[in-house]
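Everything below concerns the one structure shown next.
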Amino acid sequence: MSPRRSWRFRTTATAIAASLLILPIHLATAQPAPATASHEQTAESSAAGTTTLTMKVGISQDTLAEFRSQGRQARSAGKPSLPVPDHTSQSTQRTTTDETAVRTVPPSLTLLGAQQTSKEAAAASPPPSPNEDTPKPFVAAPIGETPDAALSEACFKADNVETGIGRIHNRFTYCTRVNIEAVYWSIDNKGIPIEEEGTTTAQLEVFSQGDDTDRRARVFAQIRKDSVDYDWGPLDNIFVAPNVPLSLLGQCVQDSDVCHATRGSYTMPWATWDNNPAWAWWDLYNHEAVSEGRDKISYNQWTIELFTDNQEYKTLIRGRTPARMLRCDSATYFNLGKAKYPKACIFSEVTPHLTYTLGSTHHAVAEHIDAAQNRPNSTYPLLAPPGVPWPRNKYIPGKYIAGNPDAPGLHRITKALHPTQSKANKDNKDGACFKTGPERDKYLDTGLPTRPPAGEQCDEYPFASTLEGAGNPKPDFSVKSIPATDNRVAGGILRKYYVDDRILAWDASLPRPTETNDRFYVHIQ
């Protein structure tokens, strides 16, 4: 058997130190990682959140010799390099080659485990600043065969796109950019590396959009234009390295009963990748059959695999980007006007929060919430009548704290699904604001001193549409008279936010409901 040549493939965030580029060779087969991490990969991480992945591929000496022979002929003929094949169309079907890698498939993710994994990722990669992460009015963009242009531009220009987990631009949009290093080795007929032959480096770009009408996300990938560099030696940089093929494949991490991916691998020589404007893409479908609760909630992870497999090349260890988390549901109560959004998949590794802005068209609401979150004892209703010592301080939940996804948050309710809590919220608000309704006696001496005048309304926080609203058994809430126009604007923003961030309503039937139900926060800027 003739000797074969291999290459190992590493991806890193761009901040990776040069010392990581000379890691020792890993001869053992990579061990499967738990379901909460990328699987079947050799990886090293730094405190900055960078990750190194390893991939090995054998390349036959016969193929290498043929490349070099053609290179000598091209050189003698005065040609600068070998002709590089044109763009290779992506297969619409997944082939045996796509699935030949031995994969240890993690079990289905539990709601609690997936929530915890998502929170840990959110805590480790908080947004760079509240202003940069301010949610814009957004419903999931239509999904096409290329990334949405406006979303792609906004996502990739963010500071954190090349660090940590990448950039969750909003719960329906994700992107990341990582460095790639492919180190080629000669190996003997037992597959043991003998001598390093060359290195190819590049940047991989990944963009993904969640669907708001189906349990689907579309994942795009490409090599960033003009990012490929070769370090094989003067001649091999021209005649060999550019013609070595690279395959990309979008893949579900969990088994096919949880999630499946469509379309096959996308294969081109490095030189073609370096000049190709097209994106490879795959659809990842999450299945209702393995789900929990009223809204059929299910989590799965996904990754991009990198490999080369054909008659001349044999992948020994595939490269895999770190697994990212999707949460999918079939909730039937999401709509904006006549538009309905009965199913969706979102990127869950972020702390969902609604932003209200001081000095805006809803200034009075932002000012009220700011006082409720930061100076709760100054708000109505009082915990005891004037002149009577308070039994305790007031604490009102829901404040967004970057990097702390476990802070006490808010849980959405709806009138249709939670009639008792919704009525309790209204009755207690009416008592605290107007001293009317069945709860009026509770607030005769502690509610607002005067009723809201004409042109104003009684605003409440936490919102009437939350489990933590005025009817909560622990009466930590605030009411204030504010201009009606500000209240209407803020109410419209809240209703749209529930759709934009796909905030699921409280489901008491979920396992450990206080931990597995959606929670969200409010940020005042």
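All of the numbers you see were taken from the coordinates with simple rules; none came from a lab. For clarity, every value in this text was computed on a predicted model and none was experimentally measured. Because the Cβ atoms are built from the backbone with ideal geometry, glycine has one as well, and the counts that use them run over all protein chains shown.
A straight Cα-to-Cα reach below 18 Å connects Lys426 with the aspartates and glutamates Glu439, Asp441, Glu456, Asp459, Glu460, Glu468, Asp476, residues fewer than 8 places away in its own chain not being considered.
Name the trypsin sites (Lys or Arg not before Pro) in the stretch 396-478 that are in a loop by DSSP and that have at most 13 other C-beta atoms within 10 Å, would you? Of the trypsin sites (Lys or Arg not before Pro), the ones in loops of the stretch 396-478 whose Cβ has at most 13 other Cβ atoms within 10 Å are Lys415. For the cross-link pairs Lys338/Lys496; Lys119/Lys415; Lys119/Lys340; Lys343/Lys423; Lys394/Lys415, the ones whose C-alpha atoms lie over 22 Å apart are Lys119/Lys415; Lys119/Lys340; Lys343/Lys423; Lys394/Lys415.
Peptides 469-480, 503-514, 203-214, 443-454 ranked from most to least packed, by the mean per-residue count of other Cβ atoms within 10 Å: 203-214, 469-480, 503-514, 443-454.
So if I place +1 on the C-beta of Lys and Arg and -1 on the C-beta of Asp and Glu, and nothing else carries charge, what would the dipole magnitude of the stretch 295-336 be about its Cα centre? I want it in debye, nearest 20.
120 debye
When you restrict to C-alpha pairs under 8 Å that are six or more residues apart and normalise by the size of the stretch 255-308, the relative contact order lands at 40 percent.
Which whole-number percent gives the relative contact order of the stretch 277-335, counting Cα pairs below 8 Å spaced six or more residues apart?
Numbers: 65 pairs, mean separation 21.3, N = 59.
Taking the mean separation of contacting Cα pairs over the length of the stretch 277-335, I get 36 percent.
Across the stretch 402-412, rounded Karplus estimates of 3J(HN,Hα) from the backbone phi angles (6.51 cos²θ - 1.76 cosθ + 1.60, θ = phi - 60°) give 4, x, 10, x, 9, 4, x, x, 10, 10, 6 Hz, Gly and Pro being marked x. Mean separation of Cα pairs under 8 Å and 6 or more residues apart, divided by the residue count, gives the stretch 345-408 a relative contact order of 23 percent.
Remark: the stretch 370-379, residue by residue, has Karplus-estimated 3J(HN,Hα) of 4, 5, 5, 7, 10, 9, x, 5, 8, 9 Hz, where x stands for each Gly or Pro and the curve is 6.51 cos²θ - 1.76 cosθ + 1.60 at θ = phi - 60°. Using only side-chain charges placed at the Cβ, +1 for Lys and Arg and -1 for Asp and Glu, the dipole size of the stretch 337-463 relative to its Cα centre rounds to 440 debye. Spatially, the stretch 452-496 and the stretch 224-291 are offset by 50 Å when compared through their Cα centroids.
Principal semi-axes of the equivalent ellipsoid, √(5λ) from the alpha carbon gyration tensor of the stretch 391-525, are 25, 18, 15 Å from largest down. Within the stretch 385-437, the chymotrypsin sites (Phe, Trp or Tyr not before Pro) that combine a DSSP coil assignment with at most 12 other C-beta atoms in a 10 angstrom radius are Tyr395.
When you count the other C-beta atoms within 10 angstrom of each residue and take the mean per peptide, 282-292, 318-328 line up highest first as 318-328, 282-292.
Tell me, what is the FRET efficiency for Lys225 and Arg68 to the nearest 0.05, using R0 = 30 angstrom and their Cβ-Cβ distance as r? Before the final figure, lay out the partial values.
Working: r = 28 Å, r/R0 = 0.92.
Result of the calculation: an efficiency of 0.60.
Charge dipole of the stretch 158-310 (Cα centre as origin; +1 on each Lys and Arg Cβ, -1 on each Asp and Glu Cβ, all else neutral): 620 debye, rounded to the nearest 20.
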